[in-house]
Structure formats: C-alpha cells, structure tokens
Amino acid sequence: MSRRALLAGNWKMHLTIAQAVELAQAVAAVCADCRDRDVMLAPPFTALAGVAQALQGSNVFLGAQNVAWEAQGAFTGEIAPPMLIDIGVRMVIIGHSERRQIFLEDNVMINRRLRAALEFGLIPVLCIGETLEERESGATFAVLEKQLRGALHDVPPGQAEQIVLAYEPVWAIGTGKTASTEQAQEAHHFLRNLLADIYNKKLAETIRVLYGGSVKPDNIDALMAQADIDGALVGGAALQVESFKRIIRFQ
C-alpha cells in the first residue's frame with residue numbers, strides 16, 4: 001500500500017515570531033510544487049498565530065508541539081484543542097521524548113492528550129522511542145510495545161487511522177547519532193506488525209510511521225528508501241530552510 005510521505009519540522013523552543021514567520025514563508029515557497037508529499041511545521045506556541053498567517057493559502061500543515069486533554073479550565077500553562085484549532089492548527093505532536101524525559105509525561109497522560117486531539121479532529125503525531133540504556137539492554141521492542149499500547153488505550157480503529165506514528169530513538173535525538181537504516185527499518189517494521197495486532201493489518205498498512213532522530217540532508221534518502229519509513233520528524237535541520245528543503249525533496 002502506498003502511503004503519502006510526511007516531512008515534519010519540530011522547531012522546539014527556537015525562533016522569535018519574526019524569525020518563525022520568515023522561515024515559514026520560505027518553507028511554503030519550497031513546498032509550492034509539492035504534489036506527492038506532505039509537510040508540517042510545528043513552531044513554538046508564541047509563533048503559532050504568525051506562522052498560521054504566513055502559511056495561509058499554502059499546502060503546508062500547521063502543527064503544535066503539544067495539546068491539553070481538556071477543552072478549557074484551570075490548567076495553567078496548557079493549551080486546549082479548541083484554542084489550537086482556532087489559530088489554524090491541523091496536527092499536534094504528542095509524547096515527544098523531551099516531554100517524556102524532561103517533563104515526566106507518562107503513557108497515561110499521553111493517552112489522554114491523544115484522545116483529546118482525536119476528539120477535536122486534530123491529527124496526532126504520536127512519538128515513541130527507547131533510551132540508549134534500554135536499547136543496549138535489549139529492551140527496545142518491549143519499551144516500544146508498552147508505549148504504543150499505553151498511548152492507544154481505548155482509541156477505536158476509526159480514530160486510530162487518523163494517527164501518524166513517529167519512532168524516535170531517544171539516543172539519536174540532538175546527539176548527531178542516527179539509527180542505521182537497518183535499525184530504523186527494523187523498529188518501523190515491528191511497530192507496523194504491532195499495529196496489526198492491536199487493530200488489523202489494513203489499518204497497520206495505512207498509518208504513516210515517521211523516523212525522528214538526527215535526520216539530516218545526507219541521510220534522508222537512505223531512510224526514505226526503507227519499506228516501512230514514511231517520512232521524518234526533523235529537529236535541528238528544520239530550522240534552516242536549505243537543509244529542510246533538501247529533506248523535503250528527498251529522492
């Protein structure tokens with residue numbers, strides 16, 4: 001089954017509003033002739049409104065870096081799904097390793113965020129991945145299964161088909177290390193089989209699975225050549241238009 005590629009830029013805690021708007025405009029220009037792939041930008045919350053305007057009329061999706069599980073209320077520091085939709089957000093990153101590792105978000109919280117995003121019609125980019133210690137101890141697949149099953153708890157097939165999955169080995173994020181193409185493909189293949197077990201084979205073949213972890217212009221082609229890799233969740237290389245352009249235009 002042919003799955004449409006998705007190249008997603010996670011700008012994390014970088015860029016002022018003016019810088020974000022300038023970069024978004026440049027990426028939109030790069031994507032003007034993109035017909036067979038999707039592109040998403042996830043700026044910091046402060047720049048969402050400005051970037052939304054910059055992307056208006058383009059074929060680039062606006063993403064957010066997280067989402068609350070409640071529609072409103074006394075949740076200082078959180079951003080509700082309707083607030084994101086009001087700005088023009090279409091996609092939202094959930095369960096990024098930095099949220100798990102630094103801010104101690106667990107599978108229960110990630111599941112709540114995921115179900116809220118789906119309830120309001122946002123497309124979740126669900127991130128899972130193992131640490132270096134977990135990989136070296138041979139626990140990679142056990143960790144991925146626990147994270148995926150936990151995140152998808154009580155998510156019915158009709159909603160699950162909207163999800164984008166992102167495999168991001170924690171040991172390869174911002175370290176300059178990248179999982180080999182064989183390691184990445186092995187993990188993606190495992191996740192697709194796991195999705196088939198949780199739901200069914202047809203749904204598993206439909207869901208896009210991205211790779212995230214020091215994706216760069218010089219490794220994107222090899223990664224995208226793998227059978228079960230459908231795109232990339234890009235960090236640092238998405239902050240410069242030329243490097244992200246090369247990733248978007250993988251061959």
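Within the bounds of region 213-222, is there any residue that is under 20 Å from GLU134 (Cα atoms) and not hydrophobic (A, V, I, L, M, F, W, C)?
Yes, some residue in region 213-222 is under 20 Å from GLU134 (Cα atoms) and not hydrophobic (A, V, I, L, M, F, W, C).
If the requirement is being in contact with a Phe, Trp or Tyr (Cβ under 7 Å, 6 or more places away or on another chain), without any contact (Cβ under 8 Å) to a residue 24 or more places away in the chain and more than 19 Å from ARG100 (Cα to Cα), which of these qualifies: ALA237, ALA232?
When all the criteria are applied, what remains is ALA237.
Here's the yes/no breakdown for (1) more than 16 Å from the chain's Cα centre (by Cα); (2) closer than 23 Å to GLU98 by Cβ:
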| position | (1), (2) |
| --- | --- |
| ALA24 | yes, yes |
| ALA28 | yes, no |
| ALA42 | no, yes |
| VAL51 | yes, yes |
| GLN65 | no, yes |
| TRP69 | yes, yes |
| PHE75 | yes, yes |
| ILE79 | yes, yes |
| MET83 | yes, yes |
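What residue, among those in region 137-154 that are assigned to a helix (DSSP H, G or I) and touching a Phe, Trp or Tyr at 6+ places or on another chain (Cβ under 9 Å), is nearest to ALA64 (Cα to Cα)?
If we take residues in region 137-154 being assigned to a helix (DSSP H, G or I) and touching a Phe, Trp or Tyr at 6+ places or on another chain (Cβ under 9 Å), then LEU144 is nearest to ALA64 (Cα to Cα).
In region 138-175, which residue that is more than 22 Å from GLU98 (Cα to Cα) and among the charged types (D, E, K, R) is surrounded by the fewest Cβ atoms within 10 Å (Cβ to Cβ)?
So, considering only residues that are more than 22 Å from GLU98 (Cα to Cα) and among the charged types (D, E, K, R), the one surrounded by the fewest Cβ atoms within 10 Å (Cβ to Cβ) is ASP154.
Where in region 1-110 are there helices (runs of 4 or more DSSP H), lying fully within it, with 1 or more residues that are touching a Ser or Thr at 6+ places or on another chain (Cβ under 9 Å)? Reasoning before the result, please.
Values: elements: 17-30, 48-55, 81-87, 97-101.
Result: 17-30, 97-101.
Taking the options ILE248, ILE198, ILE229, name whichever one is in contact with a Cys (Cβ under 8 Å, 6 or more places away or on another chain) and of a type in the set (A, V, I, L, M).
ILE248
Within region 160-182, which residues are outside any loop (DSSP other than H, G, I, E, B), within 14 Å of GLU130 (Cα to Cα) and either out of contact with any strand residue (DSSP E or B) (no Cβ under 9 Å at 6 or more places or on another chain) or at pLDDT below 90 (or both)?
VAL170, TRP171, ALA172
Need the failing condition index for LEU152 against (1) under 21 Å from MET224 (Cα atoms); (2) modelled with pLDDT of 95 or more, just the number.
Of the numbered conditions (1) under 21 Å from MET224 (Cα atoms); (2) modelled with pLDDT of 95 or more, the odd one out for LEU152 is (1).
Between residues in region 189-214 that are assigned by TED's automatic domain parsing to the domain that holds PRO157 and residues that are assigned to a strand (DSSP E or B) and polar (S, T, N, Q), which pairs lie under 9 Å by C-beta distance while being six or more apart or on different chains?
Note: pairs meeting the criteria are GLY212/ASN10.
If you take the residues of region 85-127 that are under 25 Å from GLU145 (Cβ atoms) and of a type in the set (Gly, Ala, Ser), which of them is surrounded by the fewest Cβ atoms within 10 Å (Cβ to Cβ)?
Ranking the qualifying residues of region 85-127, first place goes to ALA116.
How about region 196-251: which helices (runs of 4 or more DSSP H) wholly inside it have at least 3 residues that are farther than 21 Å from GLN65 by Cα and among the hydrophobic types (A, V, I, L, M, F, W, C)?
Of the helices (runs of 4 or more DSSP H) lying wholly inside region 196-251, those with at least 3 residues that are farther than 21 Å from GLN65 by Cα and among the hydrophobic types (A, V, I, L, M, F, W, C) span 220-224.
The values are calculated or read from the model by the stated rules, or taken from the named source; none is laboratory data. Please read all numbers here as calculations on a predicted model, not as lab measurements. Glycine also receives a Cβ, built like all others from the backbone with ideal geometry; neighbour counts cover every protein chain displayed.
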